[in-house]
Amino acid sequence: MTSRERIMAALALKQPDRIPFADDFDEDVKDLLMGRNDFSEIEFAKEMGLDAIKFTGYSAPIFCRTEKVGGREFIVDGLIKEDKDIDLMVFPDPHDESFYDPAKRFVEKYGNADYAMYTECRWGVDGVLYSMWIEGLSRALYKNPKLVERVLDRYVEWAAQLLQDGKHKSHGKSR
């Protein structure tokens with residue numbers, strides 16, 4: 001089986017020739033594992049024995065303050081702390097055709113390879129956690145649970161629209 005066939009068989013609840021392997025690696029980690037930064041997604045997949053390659057372009061933004069330490073970026077605080085901060089939550093427009101251009105280029109580049117392709121989409125809970133951070137989320141759950149609900153709704157509504165629009169654009173194609 002090809003890597004793509006293996007993933008598609010597992011998703012269809014059929015027996016693949018072996019357990020499919022797909023994982024999510026930070027770009028910094030990929031560079032360290034490869035010992036360089038000038039490689040393709042296919043080269044990385046082959047080196048790691050992956051059956052799928054990941055497009056990293058559709059995650060909802062997180063609204064937080066970060067710091068770089070040792071070349072890695074860490075979240076240090078959420079920006080959403082009170083009701084007025086909801087206005088900071090500006091998401092990309094999933095109705096804008098150009099929003100899908102990076103995914104189209106990814107599929108054009110790798111679509112004929114024998115690898116499954118996937119992307120990620122923050123459904124809401126992790127976006128809420130990162131945007132409010134632990135202290136802010138904990139405080140809001142106690143003092144202002146409606147704020148948490150509004151932040152979660154914003155993430156879920158955006159992700160649902162993205163999936164709905166993306167479904168129409170893919171025309172039912174699976175890769």
- Here the residues within the stretch 50-73 that are of a type in the set (S, T, N, Q) and farther than 29 Å from Arg18 by Cβ are Ser59, Thr66
- Hits in the stretch 27-42 (condition: surrounded by 11 or more Cβ atoms within 10 Å (Cβ to Cβ) and either over 21 Å from the mean Cα position of the chain (by Cα) or farther than 16 Å from Asp114 by Cα (or both)): Asp28, Val29, Lys30, Asp31, Leu32, Leu33, Met34, Phe39
- Of the residues in the stretch 60-87, those that are loosely packed, with under 12 Cβ neighbours inside 10 Å and part of a helix (DSSP H, G or I) number 2
- Note on the structure: Out of (1) closer than 30 Å to Leu147 by Cβ; (2) exposed (fewer than 11 other Cβ atoms within 10 Å of the Cβ); (3) within 19 Å of the chain's Cα centre (by Cα), the one Ser98 does not meet is (1)
- Message: Cβ-Cβ under 9 Å, sequence separation 6+ or interchain: first residue in the stretch 91-105 and modelled with pLDDT of 90 or more and basic (Lys, Arg), partner in a helix (DSSP H, G or I) and surrounded by fewer than 16 Cβ atoms within 10 Å (Cβ to Cβ). Which pairs?
- Response: Lys104/Lys169
- Query: Arg154 versus (1) under 30 Å from Ala9 (Cα atoms); (2) assigned to a helix (DSSP H, G or I): which is the lone unmet condition?
  - Reply: (1)
- Of all residues in the stretch 14-26 being surrounded by fewer than 16 Cβ atoms within 10 Å (Cβ to Cβ) and either touching a Phe, Trp or Tyr at 6+ places or on another chain (Cβ under 8 Å) or within 23 Å of Cys121 (Cβ to Cβ) (or both), which is modelled with the highest pLDDT? Phe21
- Message: Taking the conditions exactly as written (surrounded by 10 or more Cβ atoms within 10 Å (Cβ to Cβ), among the aliphatic types (A, V, I, L, M) and in a helix (DSSP H, G or I)), does Val107 satisfy them or not?
- Response: yes
- Within the stretch 42-71, the residues that are over 30 Å from Tyr142 (Cβ atoms), modelled with pLDDT under 95 and either touching an Asp or Glu at 6+ places or on another chain (Cβ under 6 Å) or not basic (Lys, Arg) (or both) are Phe55, Thr56, Gly57, Tyr58, Val69, Gly70, Gly71
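The values are calculated or read from the model by the stated rules, or taken from the named source; none is laboratory data. Model, not experiment: these values are computed from the prediction. Here the Cβ is made from the backbone with ideal geometry for all residues, glycine too, and neighbour counts use every protein chain on show.
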